[in-house]
Amino acid sequence: MEWVIFGFLSAWLLVSVVGAVLVKNPVHSILFFLSSVLAVAGVFLLLGAELLAGLQLIIYAVAIVVFYVLVITTIPWEKVKRFEGVYKRELLFGLPVVFVLFSLIAFTVARGDLAEPIGAIEDNVREVGRTLFTSYLFPFEVASVILLVAMIGAILLGRKEG
Amino acid sequence: MSLEKACLLLGILVFLLGLLGVMVRKNLITILVSTEIMLNGVNLVLVSVDSHLGRVDGQIFALFVLTVAAAEVAVGLGLIVSLFRLRGYEGSSETVHLRD
């Protein structure tokens, strides 16, 4: 049963990622990206990471995708239309590189052994919260500073030149 | 092959497809979308290894990756909007410097 769900989700994810990379129109590309984000949230749920699946839906599928669409509406459309699609020559050279890289990594992963499992967790959300606010408290605070700096930087960059 | 290993391979494939997108796309906005796809692949790898090990540290790192992705989108889209606004935008192949 797990494998059936995994096959469905991975087919959905790969189709939407390839669509987002190769489709011509930028808005269609963003919609394919939204579809791939939903598929990734499904894979997270399958792997038992419920909190991260919810955060993925809230942050990626709501905040980031809406932000992209808003930014596209503020840019003149003919400027967006002038450069769309992919470079053909780079695609011709990049596709074998990606294929060879993936086969090398997949060979290594399929041959090798992962580390031994340490323990099992029952309540994902509680365990994530406890570890985040004890072991990772300082990186958590630093992440808030990063968000503040990014907000100030975005305001400074988007300001009209007076 | 276990389910976690299959998810690991899926994440690596998603990362490499995003890398291909960064290489081949013409529009700057779609290049930024491809970097988001790469970050999604990294998250997938972190969570699948984490689910194999039975720990939550990888999920916390994926949470930080989400934070960095949000910050990167804010700054990157600000840069792209000002690039579009400054002079006639010429596409990713001709944008070689950020100073006027």
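Among the residues of segment B:28-50, is there at least one that is in a loop (DSSP other than H, G, I, E, B) and not aromatic (Phe, Trp, Tyr)?
Just the residues of segment B:28-50 that are in a loop (DSSP other than H, G, I, E, B), to begin with: none.
No, there is no match, as no residue in segment B:28-50 is in a loop (DSSP other than H, G, I, E, B) and not aromatic (Phe, Trp, Tyr).
Looking only at residues in segment A:73-90 that are over 13 Å from B:VAL22 (Cα atoms) and part of a loop (DSSP other than H, G, I, E, B), which one is least open to solvent (accessible area, probe 1.4 Å)? Break it down into steps so the answer makes sense when it comes.
Quick first cut of segment A:73-90, residues over 13 Å from B:VAL22 (Cα atoms) only: A:73-84, A:88-89.
Now narrow it down to the ones that are part of a loop (DSSP other than H, G, I, E, B): A:75-76, A:83-84.
Working: A:ILE75: 10, A:PRO76: 61, A:PHE83: 37, A:GLU84: 34 Å².
Restricting to residues being over 13 Å from B:VAL22 (Cα atoms) and part of a loop (DSSP other than H, G, I, E, B), the top hit is A:ILE75.
Given the structure, is A:GLY54 open to solvent by less than 70 Å² (accessible area, probe 1.4 Å), within 28 Å of B:ILE80 (Cα to Cα) and either outside any loop (DSSP other than H, G, I, E, B) or not hydroxyl-bearing (Ser, Thr, Tyr) (or both)?
Against the criterion (open to solvent by less than 70 Å² (accessible area, probe 1.4 Å), within 28 Å of B:ILE80 (Cα to Cα) and either outside any loop (DSSP other than H, G, I, E, B) or not hydroxyl-bearing (Ser, Thr, Tyr) (or both)), A:GLY54 does not qualify.
Return a yes/no flag: does segment A:16-34 have any residue that is at the interface with chain B (Cβ under 7 Å from one of its Cβ atoms), open to solvent by less than 60 Å² (accessible area, probe 1.4 Å) and within 30 Å of A:ILE121 (Cα to Cα).
For segment A:16-34, residues at the interface with chain B (Cβ under 7 Å from one of its Cβ atoms), open to solvent by less than 60 Å² (accessible area, probe 1.4 Å) and within 30 Å of A:ILE121 (Cα to Cα): absent.
Report yes if some residue within segment B:66-86 is modelled with pLDDT of 85 or more, crowded, with 17+ Cβ neighbours inside 10 Å and not in a helix (DSSP H, G or I); otherwise report no.
Within segment B:66-86, not a single residue is modelled with pLDDT of 85 or more, crowded, with 17+ Cβ neighbours inside 10 Å and not in a helix (DSSP H, G or I).
Which of the residues belonging to segment A:1-15 are open to solvent by 60 Å² or more (accessible area, probe 1.4 Å), more than 8 Å from chain B (Cβ to nearest Cβ) and part of a helix (DSSP H, G or I)? Quick ask: steps written out before the conclusion?
In the first step, residues of segment A:1-15 are kept if they are open to solvent by 60 Å² or more (accessible area, probe 1.4 Å); the result is A:1-5, A:8, A:12, A:15.
Okay, now just the ones that are also more than 8 Å from chain B (Cβ to nearest Cβ), so A:1, A:4-5, A:8, A:12, A:15.
The answer is A:VAL4, A:ILE5, A:PHE8, A:TRP12, A:VAL15.
The values are calculated or read from the model by the stated rules, or taken from the named source; none is laboratory data. Because the structure is predicted, anything quoted here is derived from the model rather than measured. Methodologically, a virtual Cβ is constructed for each residue, glycine included, from the backbone with ideal geometry; neighbour enumeration extends over all protein chains shown. Please note that ligands, DNA and RNA were not included when accessible areas were found on the heavy atoms of the full protein model with its side chains. Shrake-Rupley method; radii C 1.70, N 1.55, O 1.52, S 1.80 Å.
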